[in-house]
Amino acid sequence: MAKKVQTDRREFVKYSTLGVLGLVLGGGVVFSPYLTGKENKLRPPGALPEKDFLALCIKCGQCLQVCPYHAIKLNDVGQGYGEGTPFIDANVRACFACNAVPCVLACPSGALDHKTEKAEDIRMGIAVLEFPDTCLGISKTPIPEGYDDEMLAFTSSVRNETPEEVELVKKFMGREGKECTLCADMCPIPNPLSAIAMVPDAKGGRKPEIYDGCIGCGACQNVCPTSVPSIVVKPRMTYDEYYGNKNEGIS
């Protein structure tokens, strides 16, 4: 069953990608302004508000070229509005919050705000435990067999692996069969406890708790070992917007 969970996730990514490719090759895709309002992509670090970002982005791909984790992709005709603009699919490859934020430095148009100078300045969204019933930490289910292989594919899936990717993969290894704390362990910001921590859950396990230091990079979503990630990032949403009302009255 554990291997099947991992396989399901790989197959989902593979076939969803092939489906998009089929749309591109087939042509004739028609977009409605309605789609523009409904889509909410995870943009690279420093991205301006969506309307301004789309107006300023010149679709040059420079941010993609300098990303050491191969996280940034360019939106194609089969993926909705904003064709040619950069985005991140945290189910496939998250941002891992480079301290120098090279994608921002490479942006020539200002679509990525140059005031974003370090990892802590990044504000891409906010992490949310969307599916607590599937969280391995809460259910006290060990990290499944096959997870190491899944993470080894992190570098084998790219043509030119980088030193940063190699070092990241080393952190993943040897976790099969152990308690799942991956989302907290792999948070890439310098002070991860300001963003996420594993706390006791009423069911006896431990669950991820999100704090206002979360930058919404998607690393927790990327490393979650469930077939559909239990923890996901809400793009362009702030901590106060999502958690503010939930925390009112809590001292």
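The values are calculated or read from the model by the stated rules, or taken from the named source; none is laboratory data. Here the structure is a predicted model, which means the values were calculated and not measured. Cβ placement follows ideal geometry from the backbone for every residue including glycine, while neighbour counts extend to all protein chains displayed. Just the protein is used for accessible areas: all its heavy atoms, side chains included, with ligands, DNA and RNA removed. Shrake-Rupley method; radii C 1.70, N 1.55, O 1.52, S 1.80 Å.
Quick notes on this one:
- Helices (runs of 4 or more DSSP H) within segment 140-201 that include 1 or more residues in contact with a strand residue (DSSP E or B) (Cβ under 9 Å, 6 or more places away or on another chain): 182-185
- Only one of K178, K203, K234, K170 that is touching a Gly at 6+ places or on another chain (Cβ under 7 Å) and surrounded by fewer than 21 Cβ atoms within 10 Å (Cβ to Cβ): K234
- Residues of segment 200-215 that turn out to be within 17 Å of D121 (Cβ to Cβ) and either in contact with a Pro (Cβ under 8 Å, 6 or more places away or on another chain) or touching a residue at least 40 places away in the same chain (Cβ under 8 Å) (or both), as a count: 3
- Considering G204, G216, the condition of being at pLDDT 95 or above and in a loop (DSSP other than H, G, I, E, B) is satisfied by G216 alone.
- Criterion violated by G137 - all others in (1) in a loop (DSSP other than H, G, I, E, B); (2) of a type in the set (G, A, S); (3) in contact (Cβ under 8 Å) with a residue 60 or more places away in the chain; (4) closer than 27 Å to A197 by Cα satisfied: (1)
- Condition broken by I196, with the remaining ones in (1) under 24 Å from L152 (Cβ atoms); (2) open to solvent by less than 40 Å² (accessible area, probe 1.4 Å); (3) in contact with a Pro (Cβ under 6 Å, 6 or more places away or on another chain) satisfied: (1)
- Among the residues of segment 67-102, just one is aliphatic (A, V, I, L, M), closer than 17 Å to D121 by Cβ and surrounded by fewer than 21 Cβ atoms within 10 Å (Cβ to Cβ), namely A100.
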